[in-house]
Amino acid sequence: MTKLYMARTEENIEMYHEIMRAINITRSEVEQALGIVDEYELQVNIVCVICGAMFIILGRFGFMARSIGMVTAKSIKCTVVQEMLAIAVAVLGWWATGYGVAFGGDNYPETENNGMVGWDGYFGDHGSADTAKKGFKMAVYVLQMGYCLIAVGIPVGSITERATVTFVVCMSLAISMLIYPVCVHVFWNEAGMFSAYRESGSLLFDCGTIDFAGSGVLHLCGGLVALVASLLVGPRKNRWVTPDDMIKPVIMPKPQASPAFEAFGGLLLFTCSIANTGFATREFVEDSVVAGKAMSNTLVAAGVASFVSVVIGHFYTGVVSPQLGCGGLVAGTAAISAGCASMDMEGAVITGFCGAWAYYVGGCLMLKLHIDDVSHAISIHAFAGGFGLIAAGLFTTKGSYQAAYYDNREDTCYGTFYNGGIAQLASQAMACAFVCGWTLFISALVLGVVHMTFGSRYPLQWEQNGVDYHKFGGECQFSHVAVNHDKNRWPHGVLSDTDYGIGKGTDELEEEARWPWIGFPCGALVRGRPTLYNVASACDEVSHPASREAEQDGNEQAEDTTISDEAASAVVCLCLLTPRLGTEGAG
């Protein structure tokens with residue numbers, strides 16, 4: 001019996017070991033299969049993020065097209081150059097410090113210190129290992145850079161037609177390197193002070209701030225920078241004029257270059273804004289339902305806002321305005337961006353309706369305060385975006401919040417109108433106050449220094465004649481004449497087909513007469529850097545066929561004198577050639 005028992009025991013032990021070997025093999029195969037699934041899931045997320053980044057970057061060109069359509073015809077080239085330079089500079093700024101500030105490491109959850117700035121990831125540092133995780137991180141980098149380009153593009157359209165290239169470049173650098181990245185870190189980084197994406201640790205009012213696609217981070221921030229920039233640069237020349245028989249100034253209309261371009265840019269921006277809200281989802285494979293809800297709510301809110309904006313405008317002015325139609329689409333997306341993933345459809349409808357009113361009232365307030373906002377960026381993004389940030393604390397539903405964020409939060413982390421209390425609303429209000437305080441202070445400081453150091457706008461005479469004519473290669477004309485050529489400038493090298501509209505002031509002409517051997521041919525570009533006043537005066541009196549005031553002795557009134565292009569050219573050529581011939585003959 002003992003031998004039989006021992007034999008059976010050894011047999012059982014051997015069978016046990018065989019079973020365990022089979023289990024280990026199965027476990028390793030399962031783990032390997034799960035690893036493959038995770039790898040494929042990560043690859044799908046990478047592809048989705050890259051597609052979203054392309055849509056968002058394409059929306060940046062919607063801003064440019066809309067601005068081109070809303071400016072006057074004599075400032076189209078100026079607008080194109082400034083928009084393109086703003087994009088280029090923002091890419092560099094986001095690469096240098098923007099991404100590091102926004103998504104760098106932070107110890108706020110453990111120590112409750114900092115919570116505003118990241119400390120690594122500067123200058124494109126994503127690690128050295130070429131893995132799928134690094135690929136996903138770089139895809140997120142491109143996606144977030146697209147959001148940065150949108151934030152930079154918001155204020156550029158407000159100050160176009162009169163702001164200098166230097167001012168626009170400095171503003172774009174400040175936004176992409178510091179102003180916008182700090183807002184991103186505070187709201188969208190898991191370690192941010194107001195972030196709702198942190199699963200554990202202290203949260204603002206135990207909820208965090210709801211800003212899924214950037215009503216506050218993106219739209220409110222960019223709109224407030226546009227407000228500061230517009231105040232520093234000032235309105236366009238003759239935008240408000242006081243007639244002789246009136247006391248208060250009256251707004252003067254500025255004929256826009258192309259309503260078709262404005263409509264094209266508005267629709268492109270609207271389409272890409274739908275992608276903006278959908279691709280703000282962080283894990284597409286797991287949260288595809290959240291992305292669908294965000295895009296659906298954005299579509300509904302934008303449509304409601306556009307319709308209501310047109311109705312409001314028609315009620316008060318009797319005009320069915322295409323500008324309000326296009327602007328309402330963008331205002332609706334700005335308003336719904338915060339709560340697009342955490343609201344139900346009725347909340348999106350109300351948000352779009354109120355966003356249209358915020359847009360219209362904000363635009364009227366800007367006109368009342370004599371703030372010249374060419375692209376309506378302040379009223380669209382600051383007013384509608386600010387309301388959208390607050391609206392998320394009113395209309396967020398419990399189920400939608402748990403799907404978009406986490407399901408282990410307090411029962412107060414949803415909208416006040418859905419019996420959620422005031423905790424979430426208080427969090428949204430504090431977030432709005434933070435964005436306003438941070439953005440207004442830093443933008444006023446940085447842009448104020450740039451304004452006092454380099455200046456912020458071109459001379460008024462340039463603006464009257466058209467900045468394109470004086471600075472950007474000649475004014476655009478929608479006719480058989482492509483460029484109004486400068487008769488005082490000879491074709492010169494690679495610039496033979498370019499008209500910079502720069503004539504010579506009195507000082508430059510006297511210099512040519514005194515030193516003929518260093519002079520240029522008749523009408524060539526002046527040597528060195530002429531003063532703005534001399535250049536503007538020369539262009540007005542000689543190269544540009546406009547009426548000029550002739551100075552009279554004593555206190556006699558000035559008389560308007562008009563000279564033709566040919567006469568002006570002949571006069572300048574004689575002034576330049578006569579002393580030169582005399583000098584050569586004397587030699």
- HN-Hα J in Hz across region 454-465 - Karplus 6.51, -1.76, 1.60, θ = phi - 60°, x for Gly and Pro: 9, x, 10, 9, 7, x, 4, 5, 4, 5, 5, 6
- Rounded to the nearest 0.05, what FRET efficiency do Leu267 and Ile23 have when you use their Cβ-Cβ distance and R0 = 35 Å? 0.05
- Query: Just by accessible area at a 1.4 angstrom probe, what is the order of Asp407, Asp130, Asp206, Asp344 from largest to smallest?
  - Reply: Asp130, Asp407, Asp206, Asp344
- Taking H placed 1.01 Å from N in the peptide plane, check which residues at least 5 places from Trp240 or on another chain put their amide H under 5 Å from its amide H. Met252
- Top to bottom by accessible area (1.4 Å), largest first, where do Thr397, Thr453 land? Thr453, Thr397
- Message: Can you tell me what percent of all Cα-Cα pairs in region 272-349 are more than 17 Å apart?
- Response: 45
- Message: Let's see if you can work this out: charge +1 on each Lys and Arg Cβ, -1 on each Asp and Glu Cβ, no other charges. What is the dipole magnitude of region 229-324 about its Cα centre, in debye to the nearest 20?
- Response: 340
- Cross-link list Lys77/Lys368; Lys248/Lys368; Lys74/Lys254; Lys237/Lys471; Lys133/Lys293: which exceed 19 angstrom alpha carbon to alpha carbon? Lys77/Lys368; Lys133/Lys293
- Task: Provide the per-residue ³J(HN,Hα) series for region 366-375, in order, calculated from phi with Karplus coefficients 6.51, -1.76, 1.60 and θ = phi - 60°, each as a whole number of Hz, with x at glycine and proline positions.
- Result: 4, 5, 5, 8, 6, 9, 8, 10, 4, 9
- Message: For region 292-392, what does the accessible surface come to per residue with a 1.4 Å probe? Please give it in Å².
- Response: 33
- Leu42 and Val285 label points (each 7 Å along its Cα→Cβ direction) are spaced in nm at 1.0
- Query: If you take the charge dipole of region 53-154 about its Cα centre, with +1 on Lys and Arg Cβ and -1 on Asp and Glu Cβ, which of Gly118, Ala65, Ala132 is farthest toward its positive end?
  - Reply: Ala65
- Query: Around Arg457, which amide H atoms from residues at least 5 apart in sequence, or from another chain, sit under 5 Å from its own amide H, with H modelled in the peptide plane?
  - Reply: Thr164
- Query: Cβ under 15 Å from Ala392's Cβ, Ala392 left aside: what net charge do those residues give with Lys, Arg +1 and Asp, Glu -1?
  - Reply: 0
- Linear extension gain, Leu367 paired with Phe136, 0.36 nm per residue minus alpha-carbon span: 78.6 nm
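The values are calculated or read from the model by the stated rules, or taken from the named source; none is laboratory data. Since the structure is predicted, the reported quantities are computational estimates derived from the model, not experimental observations. Cβ: placed from backbone, ideal geometry, glycine included. Neighbour counts: every protein chain shown. These accessible areas exclude ligands, DNA and RNA; they are computed on the full protein's heavy atoms, side chains included. Shrake-Rupley method; radii C 1.70, N 1.55, O 1.52, S 1.80 Å.
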